[in-house]
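Peer 1: Could you have a look at this structure, given as structure tokens, before my questions?
The values are calculated or read from the model by the stated rules, or taken from the named source; none is laboratory data. Every value quoted in this text rests on a predicted model; they were computed, and no experiment measured them. Cβ atoms come from the backbone with ideal geometry, glycine included; neighbour counts cover every protein chain shown. With ligands, DNA and RNA removed, areas are computed over all heavy atoms of the protein, side chains included. Shrake-Rupley method; radii C 1.70, N 1.55, O 1.52, S 1.80 Å.
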Amino acid sequence: GGGSAGCVVAARLSENPQNRVLLLESGGSPNPFSYVPLAAPFLQNNPATDWQHKTVPLHSSTLSKPLSWPRGKGLGGSSATNFMIYMRGNPRDFDEWENITGDSRWGYKNVEKYFKKMEDYHGRYEREFHGKNGPLRVEPVNYAPGLDNFLEAVKETGFSVRDLNVDQQEGFSPVEFTQKRGIRLSAYSAYIQPILDRPNLKILRYSHATKIHFDSNMKASGVSFVRKGQTMFAAAQKEVIVSSGTINSAQLLLLSGIGPAKHLRKLGIKPLVDLPVGRNLIDHVMTMVGPFSLNETSASFTPTKDISLKSLADFVISGTGPVTSPLGVISVGVTSTSSSTPEWPNLLHVISSVGSYDGLGATIDGMFGTADHFSKFIHSFVGFSTHYPLLALGKPKSKGFIELQDSNPFSKPIINPQYYSDKGNQDLQDMVEGYKMVVNLYENSNSLGSKLGARLIENPTCAKYGFKTRAYYECAIMTPTLTIFHPVGTCAIGKIGDPKAVLDSQLRVIGTNGLRVIDASVMPTITNANTNAPTIMIGELGADLIKNG
């Protein structure tokens, strides 16, 4: 897999001319539109750029329908289709991994070195805390209508404006993107494109891995894959490295006989190693708060108003302006509920400053596969200046699972995230607290509430519960239940003997030789941050584990 971590691993291993690296990628090169940040919403759930995975029907959603789970298909993976938000996570997230694995290499003191190694930081904060010459350029948002008012409201509400990538605490920040002069910089652009002429790196596009093979000593001997309708085999002299992502890495291991023995036998697959592959599925469940109507049109980005020949010229000539903006994202934040602490926030906020134009509802429905829900909802206030705060559960207690539908490697796996299934219902309680906090920030601050007249728009589906009652908020959170596209955990690292562990702390599949997994699926717990930066870091650290033997 040539996704966010796979590109890193292929690039770093091929630095040694003695290594011969074959990179198998099921998709092709990045779609030309993927380089344009404004196009990000249209890359989700798109057959040309996306795997088009769906969950089972969600009982935690008022729609009770499957939810689309976009995952990037092609070189760069989801880093070529995502919203480019750069967040490391909380240092305590990584110290938690150190405790789970008993390996200090996963603690923040060590992984910080890898974040700095990969960064080429051109953001708004002190560069001494960031990397300066790495392959992954990080830039500040340059088009952000309404940002100044929002940050003033943040401070009025008692939160700080701070660098969330240095000792993360409660607070908000102008968003920072993986962009170079306003153009998307995916893991492919950062790591692979500059080294395409390396003679010891071979990339096979449109090559779908179907099975990992083992010899009598359970050493991974190679991989079967289908390319142009033909089944082929690649032998591995040293190691097979699976970097297919949280969904597809689990699927490939299961197809190869690595996973829960009972499940595999049921499908006629011979179990080779009984491990909890596909379990421990964790995701940032999300809701849209409101949106909020504003009385100032300049406080939000409306494509029908703001995209012009001048804005296209600004993008092409200087890499600035609204074309650099993925759906008007201006800020990110992390906050704590009563079940957490300010030092380790458990909620994630992404603020989208987008006006409600004709077509926005269809764009959102297209991303999430929500039929015409948002089209109908937004229709009644098309033309309004609005903000759409996205609220996600940063440290959820609920966990789901991935299973095979059958033994066909081209069948879609069964994805059941089991949102809001935790005992005690703490996840929903935390989301209600977060929802109320966002309403307070918008409506009761001088900068947004008084100056811009910010008002929560009522969701008609939930009106029967009484506007702004607890029951109303619970209904709004689940109307519908959404994802912010951060699934992790299905091939978790841990100590050998830990019933939750699929991998040891060196990313080696337990019970095998010469087989590792290096991608977001290895995370034993989720970071309270967008997960792309930690995934690229895992690629850097994983490559070093291989190099160092």
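Peer 1: Being closer than 27 Å to residue 170 by Cβ and touching a residue at least 60 places away in the same chain (Cβ under 8 Å), is that true of even one residue in segment 402-418?
Peer 2: Yes: one or more hits.
Peer 1: Of 73, 109, which residue is among the charged types (D, E, K, R), open to solvent by 40 Å² or more (accessible area, probe 1.4 Å), modelled with pLDDT of 95 or more and closer than 21 Å to residue 179 by Cα?
Peer 2: Matching residue, one of 73, 109: 73.
Peer 1: Take residue 410 and decide whether it is hydrophobic (A, V, I, L, M, F, W, C) and part of a loop (DSSP other than H, G, I, E, B).
Peer 2: Taking the combined requirement at face value, the residue satisfies it.
Peer 1: Mind checking which residues of segment 111-162 are closer than 22 Å to residue 7 by Cα, touching an Asp or Glu at 6+ places or on another chain (Cβ under 8 Å) and part of a strand (DSSP E or B)?
Peer 2: If the condition is that a residue be closer than 22 Å to residue 7 by Cα, touching an Asp or Glu at 6+ places or on another chain (Cβ under 8 Å) and part of a strand (DSSP E or B), then 136, 137, 138, 139 are the ones that fit.
Peer 1: Consider residue 233 against the criteria (1) free of Cβ contacts under 8 Å to residues at least 40 places away in the same chain; (2) open to solvent by 10 Å² or more (accessible area, probe 1.4 Å); (3) in a helix (DSSP H, G or I): it satisfies all of them except one. Which criterion is unmet?
Peer 2: All conditions are met except number (3).
Peer 1: Continuing with this model, one more query. Would you check which residues across segment 7-52 are within 19 Å of the chain's Cα centre (by Cα), in a helix (DSSP H, G or I) and free of Cβ contacts under 8 Å to residues at least 40 places away in the same chain and list them?
Peer 2: 39, 43
Peer 1: If the Cβ limit is 7 Å and pairs must be 6+ apart or interchain, which residue in segment 448-466 that is without any contact (Cβ under 8 Å) to a residue 12 or more places away in the chain pairs with which residue that is open to solvent by 70 Å² or more (accessible area, probe 1.4 Å)?
Peer 2: From residues that are without any contact (Cβ under 8 Å) to a residue 12 or more places away in the chain, the pairs are 458/467.
Peer 1: Right, next: Among the listed residues 254, 201, which satisfies the condition of being out of contact with any helix residue (DSSP H, G or I) (no Cβ under 6 Å at 6 or more places or on another chain) and buried (at least 22 other Cβ atoms within 10 Å of the Cβ)?
Peer 2: 254
Peer 1: Name the residues in segment 420-440 that are in contact with an Asp or Glu (Cβ under 8 Å, 6 or more places away or on another chain) and open to solvent by less than 20 Å² (accessible area, probe 1.4 Å), would you?
Peer 2: 428, 432
Peer 1: Right, next: Could you please find all residues in segment 138-195 being under 14 Å from residue 122 (Cβ atoms) and among the charged types (D, E, K, R)?
Peer 2: Correct list: 139, 163, 176, 180, 181.
Yes/no matrix, rows are residues, columns are (1) part of a helix (DSSP H, G or I); (2) out of contact with any Ser or Thr (no Cβ under 8 Å at 6 or more places or on another chain); (3) on the phi > 0 side of the Ramachandran plot:
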residue: 458; (1), (2), (3): no, yes, no
residue: 474; (1), (2), (3): yes, yes, no
residue: 491; (1), (2), (3): no, no, no
residue: 498; (1), (2), (3): no, yes, no
residue: 505; (1), (2), (3): no, no, no
residue: 511; (1), (2), (3): no, yes, yes
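Peer 1: Just to be sure before I move on: is residue 281 more than 30 Å from residue 444 (Cβ to Cβ) and touching a Phe, Trp or Tyr at 6+ places or on another chain (Cβ under 7 Å) in the structure I sent?
Peer 2: Yes, satisfied.
Peer 1: Do any residues in segment 53-78 that are hydroxyl-bearing (Ser, Thr, Tyr) have Cβ atoms under 7 Å from those of residues that are part of a strand (DSSP E or B), where the two are at least six apart or on different chains, and which pairs are they?
Peer 2: 55/69; 55/415; 55/416; 68/54; 78/72
Peer 1: Quick one: residue 279 ticks every box in (1) of a type in the set (Lys, Arg); (2) surrounded by fewer than 16 Cβ atoms within 10 Å (Cβ to Cβ); (3) within 19 Å of residue 502 (Cα to Cα) bar one, so which box is it?
Peer 2: (2)
Peer 1: From the set of residues in segment 48-70 that are among the small types (Gly, Ala, Ser) and within 25 Å of residue 30 (Cα to Cα), which is modelled with the highest pLDDT?
Peer 2: 68
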